[in-house]
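Comments concern the structure below.
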Ligand SMILES: [Zn+2]
């Protein structure tokens, strides 16, 4: 298990900021760009030798990383991605930084849109540094560790030489209730699983107030949280300092939550058969992003990861395909019947003519047989921060309509939307979204 991922993420951000932040409006390269830093907004983006797809990729950059911008041309941004080495990334995956600011209020609400009524995506911690990328009315659009959203501008102050401090912990129990207040009698508002990482923002007697990666915030019994001290975090800073080129600031990104899955000894899914259906395959590629990412590949990768996680909880998992094969819809449904599936989950990635369409949708067909399963995804996906949750909806899909077993079809983001596509292509997204799905399945069988 990697520890300190989050802290590594915010390691001495301000020291680097001091190095990077332009002191004047005009840069040393004579460029007229005043917007001098850009944040990468997708999990994995190619950096090419020139401004266009025909140019060979030289490296990858990742979500949340911040780079010095040296030129902007024809929809491409030239960045310095290593000491004095430059390359080009597609502009839709970059957003220009206006300023770096520090959060002045604990549990500052991060919202989906500017406005006090907009959906809350999560909470920011006092002292946390964020990148401001937009402004509207009294609101600022910010990039935090791994979330983007809007906060009330009055709770931000320009970053100066302040150190960022926070402690983090790892859940050390197979299942840990999150409560609304520091008491066993308080309402249960969510659950964490072994290995989940949390930020500890407050401690009261035997309780920690935590913020989970999903954005879930509440109180947990302190006994079940393995705390990493800030001292350990400082060591981590040193380690990262040596290995990261000085032009890169890692705010956090996929690497901070990749492969942290540790199965618990309990087997809450023992005796359950789950059929996982990777949408499309073979001659049927499904949807495709502008970048050439195919739906059939993403669904298969997602299904394989989900399979491992569900098996670690004792489930018997059957895949309708485990390679790039064309499998007719009828055969997929037959698998559910043959194996007497307790749940059939079909995974897809969406596409729409409207390139703005974004987020995750859960479809069911039968109000009686399927709705309960669909509903179990509601809470985990509502707390999901990487993409918005569009909700649970009726869907007349063959694999649901013809299915005798409880079945749902998940659309896990829009490949037609460049921002969604950049998000879903990353390992980090797959890790996070499969974890949310495991939570949903556990809820369903609870
Ligand atoms: Zn599909």
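Read-outs throughout are calculated quantities, based only on the coordinates presented, and are distinct from any laboratory measurement. Bear in mind that the values here come from a model prediction, so they are computed numbers and not experimental data. For neighbour counting, all protein chains shown are included, and Cβ atoms are generated from backbone atoms with ideal geometry for every residue, glycine included.
Table for the structure above
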| item | result |
| --- | --- |
| Fewest-first ranking of 88, 76, using other Cβ atoms within 10 Å as the exposure measure | 76, 88 |
| Förster-model FRET efficiency, 41 Å R0, residue 112 and residue 446, C-beta, rounded to 0.05 | 0.90 |
| Sequence of 293, 211 once ranked by neighbouring C-beta atoms within 10 Å, starting from the fewest | 293, 211 |
| Potential lengthening between residue 60 and residue 324 on full extension [0.36 nm per residue; Cα-Cα distance subtracted] | 92.5 nm |
| FRET efficiency, 1/(1 + (r/R0)^6) with R0 35 Å, evaluated for residue 120 and residue 53 via beta carbons | 0.40 |
| Cα-based convex hull volume of region 263-445 per residue, rounded to whole Å³ | 104 |
| Spatial separation of Cα centroids for region 343-366 and region 378-446, in angstrom | 7 |
| Full-extension gain in nm, residue 205 to residue 398, via 0.36 nm per residue minus C-alpha separation | 64.1 nm |
| Mean Cβ neighbour count within 10 Å, used as a protection proxy, ranking 133-142, 65-74 highest first | 65-74, 133-142 |
| Fewest-first sequence of 291, 324 by Cβ atoms within 10 Å of each Cβ | 324, 291 |
| Value of Rg to Rh for region 108-147 (Rh from inverse mean 1/r over Cα pairs, i.e. Kirkwood) | 0.92 |
| Zone residues, region 408-437, relative to residue 312, backbone N less than 17 Å from point 7 Å out along Cα-to-Cβ | 427-437 |
| Residues of region 403-427 with amide N under 20 Å of the 7 Å Cα→Cβ point at residue 367 | 403-409 |
| Region 325-396: C-alpha pair distances exceeding 17 Å, % | 54 |
